[in-house]
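Questions regarding the structure given below will be posed in turn.
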Amino acid sequence: TALGDLEGRPPVTRGGARPGDVVAVAGSLGWSGGGLVLYLAGRTPPQLHRDSDEADKAVATLMWSHRQPTAAWSSGPVAAQAGATAMLDVSDGLVRDLGRVARASGVRVELDGQALRVQADGPLTRALGADEALVQVLSGGEEHSLVATFAPADVPAGWQVLGSCAAGEPAVLVDGTAPEVIGWDHFRG
């Protein structure tokens, strides 16, 4: 159950994205999924101290993010006031959730691989390596960051642009190609 007050604004749904809109995210991508990968590999959170190396700090950050994800809920009203055309949280993976936007809006979502690699840089890459970091950015779930579409001039501060929407068959592409990973499917388990 979700309760809230739209303060007189119409709701921002999955179905409002338009060709020409940009796709942007508020919050992290892949950190919770990366933490889960580490737990499933049998890692235990490292005990950090003043002299801890960057790899241990990255592992601890991801494992903590899986246990205590930081939701970007306060960014939702900001996005709505800025004119977001579609929005939802990233709970099942970026590609899976943007696929829901693409289908509901009747648009193709074209993600920029370089923008995704920027998202993967930092703790994800230090803890998991570049390839797995990108997999987690695309498909890691339980992040609870927000992804939204905006007219290009309407992206609020603090949101990172990842790509754009175009006319065409509803799909999510990365640099023109359908990614091999898509995220969590509740019906497949």
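How are the alpha carbon pair distances in region 21-73 distributed across 10 Å bins from zero to the largest one, expressed in percent?
Distribution as computed: 24, 44, 23, 7, 1 percent.
Give the average over all directions of the projected area of the C-alpha convex hull of the chain, one decimal, in nm².
Approximately 11.8 nm², given one-decimal rounding.
What net charge do the residues around Glu169 carry, taking every other residue with its C-beta under 11 Å from that of Glu169, with Lys and Arg at +1 and Asp and Glu at -1?
+2
Can you give me the angle between helix 94-105 and the longest principal axis of the chain, using Cα atoms only, in degrees from 0 to 90, rounded to the nearest 10?
Result, in degrees: 10.
Quick one: what Rg and Dmax do you get for region 1-94 from the alpha carbons, in Å?
Reported Rg and Dmax, both Å: 17.5, 52.
Now a separate question. For the chain, take the longest principal axis of its alpha carbons; what is the angle in degrees between that and the long axis of helix 54-67, to the nearest 10 within 0 to 90?
60
When ranked by the protection proxy of mean other Cβ atoms within 10 Å per residue, highest first, what sequence do the peptides 2-8, 173-179, 57-63, 27-33 form?
So the order, starting with the most tightly packed, is 27-33, 57-63, 173-179, 2-8.
Enter the angle in degrees (range 0 to 90, nearest 10) between the Cα long axis of helix 130-139 and the first principal axis of the Cα atoms of the chain, meaning the one along which they spread out most.
40
Taking a ≥ b ≥ c as the square roots of the eigenvalues of the Cα gyration tensor of region 62-121, is the shape rounded (a/c under 1.5), prolate (a/b larger than b/c) or oblate?
Because a/c hits 1.5 or more and a/b fails to exceed b/c, region 62-121 counts as oblate.
Same structure again: Charges at C-beta only: +1 for Lys and Arg, -1 for Asp and Glu. How large is the resulting dipole of region 36-88 about its Cα centre, in Debye rounded to 20?
Details: 4 positive and 4 negative charges, 36 e Å.
The calculation lands at about 180 debye.
Give me Rg over Rh for region 110-168, both radii from the alpha carbons and Rh done the Kirkwood way, two decimal places.
Values: Rg = 12.8 Å, Rh = 12.8 Å.
Ratio of gyration radius to Kirkwood radius for region 110-168: 1.00.
With each label point set 7 Å from Cα along the Cα-Cβ vector, what nm distance links Asp51 and Trp64?
2.1
If you take every residue apart from Trp64 with its C-beta less than 14 Å away from the C-beta of Trp64, what net charge results, scoring Lys and Arg +1 and Asp and Glu -1?
Here the charged neighbours net out to 0.
On to the next question. Excluding Ala133 itself, calculate the net charge of residues whose Cβ lies under 11 Å from the Cβ of Ala133, where each Lys or Arg counts +1 and each Asp or Glu counts -1.
With Lys, Arg at +1 and Asp, Glu at -1, the neighbours total -1.
Taking a temperature of 10 °C and a viscosity of 1.306 mPa s, what whole-number D in µm²/s does Stokes-Einstein yield for region 147-189 with Rh from Kirkwood over alpha carbon pairs? Walk me through the numbers before you get to the answer.
Numbers: Rh = 13.1 Å.
Answer from the Stokes-Einstein relation: 121 µm²/s.
Determine, for each peptide in 94-100, 148-154, 105-111, the mean count of other beta carbons within 10 angstrom over its residues, then list the peptides with the highest first. Walk me through the numbers before you get to the answer.
Values: 94-100: 23.6, 148-154: 19.1, 105-111: 21.6.
Result, highest mean Cβ count within 10 Å first: 94-100, 105-111, 148-154.
Every read-out reported here was derived from the displayed coordinates using simple, explicitly stated rules and does not represent laboratory data. Keep in mind that this is a model prediction, so the values were computed, not measured. Don't worry about glycine lacking a Cβ; one is built from the backbone with ideal geometry, like all the others, and counts go over all protein chains shown.
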